[in-house]
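To start, the structure under review is shown below, and the notes come after it.
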Amino acid sequence: MSKLIEERKLQMNRRAFLSKASVGIGVAALSSLLGGCQLFDRSENGILSQKNSLEGILDVPHLAPKAKRVIYLFQSGGPSQLDLFDYKPLLNKRNGEELPESVRNGQRLTGMTSGQDSFPLAGSIFNFSQHGANGTWMSELMPYTSKIVDELCIIKSMHTEAINHDPAITFFQTGSQQPGRPCMGSWLSYGMGSMNENLPTFTVLLSRGTGRKFGQPLYARLWGNGFLHSLHQGVQFRSGKDPVLYLKDPEGIDRASRRKMLDKIAELNSKQLEEFGDPEISSRIAQYEMAYRMQTSVPEVVDISNEPDYIYQMYGPDAMQPGTFAANCLLARRLAEKDVRFIQLYHMGWDQHENLPSQIQGQSKDVDQATAALILDLKQRGMLDDTLVIWGGEFGRTNYSQGVLTDTNYGRDHHPRCFTIFMAGGGVKPGLVYGETDDFGYNIVKDPVHVHDFQATVLHQLGINHEQLTYKYQGRRFRLTDVHGEVIKDLLA
């Protein structure tokens with residue numbers, strides 16, 4: 001009974017607060033074209049407090065930020081580090097020999113290879129050579145990226161617990177293998193807010209690669225807000241005439257009519273907010289207003305027709321084909337120029353369980369030139385210093401062949417124990433190769449980096465202490481890095 005009484009008191013406090021506010025929520029929503037919409041957030045003691053929808057929960061960063069924004073080039077499916085970045089001459093020398101049990105050491109395997117009687121070591125058929133001031137080894141599959149290796153901070157010692165795609169991608173994006181948590185972009189929206197009132201804080205772009213066109217699917221919950229307000233979810237930009245669904249006015253509805261409709265909806269929502277005190281209602285008001293402003297801002301930012309010819313040449317011929325990785329990289333740069341805080345690109349097709357030599361060539365060609373172009377383009381515009389670019393997938397690939405190994409063909413299964421990602425800009429150390437794997441490319445022997453360490457380091461570069469950006473939900477304070485994770489200081493410039 002005492003709990004019911006306390007809840008009643010809390011509801012009365014909400015109503016009193018809202019009714020006495022000098023400016024109603026509806027008025028704030030109607031004036032949002034001139035500024036941010038007012039939201040109500042729940043503090044630790046359960047009381048609603050007023051926040052501007054452009055602001056994050058943090059009044060000031062925890063520490064001096066090195067990066068203002070993130071462009072995350074997520075390579076879905078698990079790129080083979082052994083064919084792209086992690087040069088292992090021993091694998092070529094011992095090609096076809098059995099993987100020593102002392103190396104595998106009883107590691108669990110996926111259902112796709114656990115039934116194999118043989119685990120033949122598979123050396124890469126692709127040539128590696130050294131590049132840059134430090135002689136970094138890079139595969140012939142990545143010629144454009146090889147030329148900018150001195151801009152890259154390469155981590156060869158990433159590791160994760162997840163061994164299958166969906167939990168592994170979910171882990172990287174949300175800090176948990178179980179779905180339902182907010183993703184990284186949503187956490188940044190919640191913590192830091194927006195830098196542009198006319199575009200979403202968090203945008204998502206998808207492209208399908210040529211390596212394995214019908215590989216692992218991606219789900220919208222990967223850019224979902226989880227238990228955070230829906231205002232913080234990612235907004236997907238699509239190729240085609242409608243980049244954001246349901247943004248255009250229906251036929252017969254002009255701009256003035258849409259404005260009147262939104263005003264009336266805001267009034268109704270404001271009354272409901274006053275009655276029930278649900279912060280999600282204020283998020284709904286803000287989303288309607290953002291959609292209204294996006295009707296003007298989105299067509300402008302996605303129109304790449306005014307880009308000069310040298311930019312198209314820089315990003316490659318695919319940049320002129322909407323929906324490709326190259327076109328999305330160019331769009332990501334335009335969104336970054338408009339101060340969108342978190343820009344997530346997903347490129348599917350890296351799941352080479354078989355026919356790896358042929359599939360990975362096309363897949364690498366999809367991304368190589370455009371990745372290098374994006375980094376160089378940001379640099380020439382003076383934006384790389386405060387833009388953190390991330391490239392990598394959810395896990396690596398095995399050093400043994402899945403299925404039959406031949407002189408010209410092999411496949412690789414999932415491998416969570418060690419894999420490679422790289423970063424550029426945003427205050428990370430350029431020209432660095434961090435971490436080492438053993439001569440078989442199976443285990444980490446130096447400087448391991450866990451997924452939560454990586455997430456903590458990304459947040460650190462944005463001025464956030466990963467232990468202090470939390471949200472109380474169902475009696476527990478959640479954070480992106482769950483219950484552990486350390487900033488890897490050696491990666492920072």
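The values are calculated or read from the model by the stated rules, or taken from the named source; none is laboratory data. No experiment lies behind these values; they were computed from the predicted model shown. Glycine also receives a Cβ, built like all others from the backbone with ideal geometry; neighbour counts cover every protein chain displayed.
Structure data summary
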| read-out | value |
| --- | --- |
| Selected residue (criterion: farthest from Pro79 (Cα to Cα)) from residues of the range 325-383 that are polar (S, T, N, Q) and out of contact with any strand residue (DSSP E or B) (no Cβ under 9 Å at 6 or more places or on another chain) | Gln380 |
| Every residue from the range 90-104 that is under 33 Å from the mean Cα position of the chain (by Cα) and modelled with pLDDT of 95 or more | Leu91, Val103 |
| Those residues of the range 414-438 which are touching a Gly at 6+ places or on another chain (Cβ under 9 Å), within 30 Å of Arg212 (Cα to Cα) and not in a strand (DSSP E or B), in sequence order | Pro416, Arg417, Cys418 |
| Given (1) of a type outside the set (A, V, I, L, M); (2) part of a loop (DSSP other than H, G, I, E, B); (3) closer than 30 Å to Gln75 by Cβ, number of the condition Lys248 does not satisfy | (3) |
| Entirely in the range 87-152, the helices (runs of 4 or more DSSP H) that have 1 or more residues that are outside the structural domain of Thr437 (by TED's automatic domain parsing) | none |
| Candidates Ser157, Ser176, filtered to the one that is under 21 Å from Gln75 (Cβ atoms) and outside any loop (DSSP other than H, G, I, E, B) | Ser157 |
| Residue among Pro182, Pro200 that is of a type outside the set (A, V, I, L, M, F, W, C), outside any helix (DSSP H, G or I), under 27 Å from Gly463 (Cα atoms) and touching a Leu at 6+ places or on another chain (Cβ under 6 Å) | Pro182 |
| Criterion (in a loop (DSSP other than H, G, I, E, B), under 30 Å from Leu384 (Cα atoms) and touching a residue at least 40 places away in the same chain (Cβ under 8 Å)) met by exactly one of Gly463, Gly411, Gly403, Gly441 | Gly463 |
| Neighbours by Cβ (under 6 Å, 6+ apart or cross-chain): first from the range 251-262, among the charged types (D, E, K, R); second at pLDDT below 75 and not in a helix (DSSP H, G or I) | Arg258/Asp249 |
| Contacts under 7 angstrom Cβ, first residue in the range 178-191 being of a type outside the set (Ser, Thr, Tyr), partner part of a helix (DSSP H, G or I) and modelled with pLDDT under 95, 6 or more apart | Pro179/Arg221; Pro182/His232 |
| So Thr210, is it of a type in the set (Ser, Thr, Tyr), over 29 Å from Gly435 (Cβ atoms) and part of a loop (DSSP other than H, G, I, E, B) | yes |
| Members of the range 212-233 found to be farther than 19 Å from Pro167 by Cα and out of contact with any Lys or Arg (no Cβ under 9 Å at 6 or more places or on another chain), listed by number | Arg212, Lys213, Leu228, His229, His232, Gln233 |
| Residue list for the range 218-228, restricted to those being outside any helix (DSSP H, G or I) and within 17 Å of Phe342 (Cα to Cα) | Gly224, Asn225, Gly226, Leu228 |
| Scan of the range 441-486 for residues that are under 19 Å from the mean Cα position of the chain (by Cα), acidic (Asp, Glu) and on the phi < 0 side of the Ramachandran plot, ordered by number | Asp453 |
| Output for the range 280-315, where each listed residue is out of contact with any Leu (no Cβ under 8 Å at 6 or more places or on another chain), of a type in the set (S, T, N, Q) and farther than 20 Å from Phe237 by Cβ | Gln313 |
| When residues of the range 299-320 are limited to those that are surrounded by 13 or more Cβ atoms within 10 Å (Cβ to Cβ) and not in a helix (DSSP H, G or I), the one modelled with the highest pLDDT | Gly316 |
| In the range 106-120, residue farthest from Ile163 (Cα to Cα) [restricted to those that are within 33 Å of the chain's Cα centre (by Cα) and surrounded by 18 or more Cβ atoms within 10 Å (Cβ to Cβ)] | Thr113 |
| Residue in the range 127-158 that is surrounded by the most Cβ atoms within 10 Å (Cβ to Cβ), counting only those that are in contact with a His (Cβ under 6 Å, 6 or more places away or on another chain) and not polar (S, T, N, Q) | Val149 |
| Sole exception among (1) closer than 24 Å to Cys418 by Cα; (2) modelled with pLDDT under 95 for Gly475, by number | (1) |
